[in-house]
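This report concerns only the one structure given below.
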Amino acid sequence: EAAVTQSPRNKVTVTGGNVTLSCRQTNSHNYMYWYRQDTGHGLRLIHYSYGAGNLQIGDVPDGYKATRTTQEDFFLLLELASPSQTSLYFCASRDWGGSETLYFGSGTRLTVL
Amino acid sequence: GQQVQQSPASLVLQEGENAELQCNFSTSLNSMQWFYQRPGGSLVSLFYNPSGTKHSGRLTSTTVIKERRSSLHISSSQTTDSGTYLCAPDTNAYKVIFGKGTHLHVLP
């Protein structure tokens with residue numbers, strides 16, 4: 001079973017604060033994804049990457065930066081957090097051409113006051 | 001843009017009843033993924049189904065690629081089946097998008 005670890009599990013910050021969400025996968029998957037989940041919207045794709053140094057824009061990228069530093073690590077950055085970014089964030093990874101299913105982390109609940 | 005439509009949006013069952021969940025996609029796809037989200041939030045993969053019918057216990061997934069749709073059948077529902085069921089079409093693009101989900105509540 002592929003392992004995807006997110007940290008922190010919970011985070012509270014204030015408007016204008018800096019937040020970094022971390023995601024690590026230990027199965028050398030090519031693809032990694034960041035989603036946010038809000039009531040009434042389901043899972044929405046923020047950014048994704050197909051390898052170290054690569055970044056692709058998702059469907060709701062405004063206010064978010066992301067960086068894939070290694071095959072294993074994918075970070076989501078909120079440089080000026082706003083209350084509208086209060087959400088449950090999920091990271092996922094996938095080995096395109098392998099099992100082809102997505103593996104999810106446990107999620108990070110972010111509250112912006 | 002691409003759209004994923006799931007129906008029904010919510011469903012309430014009595015324990016023992018069956019359920020049929022639908023997922024439709026607006027453009028061509030290679031396969032359909034189904035996920036279950038526990039009330040606590042964690043997500044698990046149920047099926048990766050490129051075509052035809054797949055079974056896993058009381059769950060059955062049927063995908064018809066030409067019609068851009070997939071269904072998830074739950075037989076003899078149990079209270080532990082309560083949660084959200086999400087579908088995600090697999091396309092030639094590498095981005096993976098989801099439907100809004102079907103929220104299932106099974107009553108004892």
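Values computed for the structure shown
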{"read-out": "Lone qualifier among B:16, B:40 - being modelled with pLDDT of 95 or more and either loosely packed, with under 13 Cβ neighbours inside 10 Å or in a strand (DSSP E or B) (or both)", "value": "B:16"}
{"read-out": "Every residue from segment B:26-37 that is crowded, with 17+ Cβ neighbours inside 10 Å and more than 21 Å from residue A:36 (Cβ to Cβ)", "value": "B:29, B:31, B:32"}
{"read-out": "Single residue of A:68, A:24 found to be within 14 Å of chain B (Cβ to nearest Cβ) and closer than 22 Å to residue A:11 by Cβ", "value": "A:68"}
{"read-out": "Cβ pairs under 7 Å, 6+ apart, first in segment B:91-102 and at the interface with another protein chain (Cβ under 10 Å from one of its Cβ atoms), second of a type in the set (Ser, Thr, Tyr) and part of a loop (DSSP other than H, G, I, E, B)", "value": "B:94/A:50"}
{"read-out": "Of residues in segment A:59-95 being basic (Lys, Arg) and either in contact with a Phe, Trp or Tyr (Cβ under 7 Å, 6 or more places away or on another chain) or not in a strand (DSSP E or B) (or both), the one surrounded by the most Cβ atoms within 10 Å (Cβ to Cβ)", "value": "A:94"}
{"read-out": "Enumeration of residues in segment A:99-111 that are surrounded by fewer than 20 Cβ atoms within 10 Å (Cβ to Cβ) and more than 11 Å from chain B (Cβ to nearest Cβ)", "value": "A:111"}
{"read-out": "Members of segment B:68-108 found to be closer than 20 Å to residue B:17 by Cα and charged (D, E, K, R), listed by number", "value": "B:81"}
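The values are calculated or read from the model by the stated rules, or taken from the named source; none is laboratory data. Given the structure is predicted, the values throughout are model-derived calculations rather than measurements. FYI the Cβ positions are ideal-geometry reconstructions off the backbone, even for glycines, and counts take in every protein chain you see.
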